[in-house]
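Worksheet: one structure, shown below.
The values are calculated or read from the model by the stated rules, or taken from the named source; none is laboratory data. Predicted model only: the values in this text are computed from it and were never measured. Cβ sites come from the backbone with ideal geometry, for glycine too, and all protein chains shown count toward neighbours.
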Amino acid sequence: MLQYITTGESHGQYLATLLEGMPAGLGVEMDFINGLLRKRQGGYGRGGRQKIEQDQVQILGGVVKGKTTGAPVGFLLVNKDFKIESMPELFRPRPGHADLVGALKYQQGIRPVLERASARETAMRVAVGALCQLFLKKFGIEVESHVVRIGPVEVPEEASLNALEVRRRIEKSDCRCISPGKEKEMIAAIDEARRRKDTLGGCFEVRVSGVPIGLGSYVHHDRKLDGRLAQHLMSMQSVKAVEIGHGTRLGGVFGSEAHDEIFHDEKRSYYHKTNRAGGIEGGTSNGEDLVVRVTMKPISTLGQPLSSVNMQNKKPEKADFERSDHCAVPAGSLIGACLASFVVADAFLEKFGGDSIAEIERNYQGYLRQIREA
């Protein structure tokens, strides 16, 4: 139902995206969208590029008088740091980056590879996800994320948190962390990585509250909601693992400890007292919060580069260095929430789709009555 494509390079003239499938009648709040773009640039551990750029997008089409028209929505972000044509070519690929495989696959230098593989491309995915969040809010669905691990520092799980409570608790956190005590430890770990000219990865959690029963499907592999979330979140730069609910922990317990028992009352209809499944059973949302954990590896650009090979003379040398962050997990958590927003909005439109917000609202309310009466 929804699809988008991005274009542009990290140090190119612009970044742009085109989102197809957003229905007519959705109010487009540019302050909200650009606010998320500014948050993407923040977070403890970010590098110097974020001080140069002041990311904000302009609408290219698909919005008239502040509302979507049903036509494709275009966003444009102009780079201040536009210098791609004058930047030097590189010959020593960075271990863990797309440098080597991209140069060999596309038969070109490293520069165009790293310019497109750069995580700066996610600015446009944040713009898309922000618009999807505005759509989901119309139907009472909230999406938020928080950092649960940076390097060796991990936050104890709080299963009862919903998206709005997470948002309240990370509001003033530089690490997007719900625990002030653990945030201090995270900052210390990032400072140590900076001192060592090294980098740190970690893990963040996305929570989606207010999701109805029935998004996704068990019928076909490509419609399974967990599969769709995993694919989009794995497509983020630096991501190496995605877990739904208790994820890998479920491999070490008995079935009686793994599954969520089912209950019913007249007000809530069917519900669960636990949420080990992360809100998805059989590839379909079960009415509980969606809970997804995403693990990011440390950034591959190191101040003390690892061993590599000069692609011109094939001799061993240290990898090239490009300006970079020391830790991007806080920013990554916001990007992940935007990608999850796109997936949930797509599944929602698949289930309740129409050409306008008003039509979708009628479809949705009829379905909710059906569920309550079942």
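Per-structure values
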quantity: Residue check for Leu250: in contact with a helix residue (DSSP H, G or I) (Cβ under 6 Å, 6 or more places away or on another chain), modelled with pLDDT of 95 or more and crowded, with 18+ Cβ neighbours inside 10 Å; calculated: no
quantity: Region 110-153, residues that are touching a Cys at 6+ places or on another chain (Cβ under 7 Å) and in a strand (DSSP E or B); calculated: His146, Val147, Val148, Arg149, Ile150
quantity: Count - residues of region 278-302 that are assigned to a loop (DSSP other than H, G, I, E, B) and of a type in the set (S, T, N, Q); calculated: 2
quantity: Residues of region 321-352 classified as out of contact with any strand residue (DSSP E or B) (no Cβ under 8 Å at 6 or more places or on another chain) and either free of Cβ contacts under 8 Å to residues at least 12 places away in the same chain or over 24 Å from Thr6 (Cα atoms) (or both), total; calculated: 3
quantity: Glu257 vs. criteria under 30 Å from Glu142 (Cα atoms) and over 28 Å from the mean Cα position of the chain (by Cα); calculated: yes
quantity: Odd one out for Met124, checked against (1) closer than 30 Å to Thr274 by Cα; (2) under 18 Å from the mean Cα position of the chain (by Cα); (3) not polar (S, T, N, Q); calculated: (1)
quantity: Criterion: surrounded by fewer than 20 Cβ atoms within 10 Å (Cβ to Cβ) and over 20 Å from the mean Cα position of the chain (by Cα) - qualifying residue of Arg116, Arg194, Arg168; calculated: Arg194
quantity: All positions within region 206-224 that are of a type outside the set (Val, Ile, Thr) and part of a loop (DSSP other than H, G, I, E, B); calculated: Gly210, Pro212, Ser217, Tyr218, His220, Lys224
quantity: Filtered residue count, region 103-126, keeping only those that are in contact with an Asp or Glu (Cβ under 9 Å, 6 or more places away or on another chain) and of a type outside the set (Lys, Arg); calculated: 12
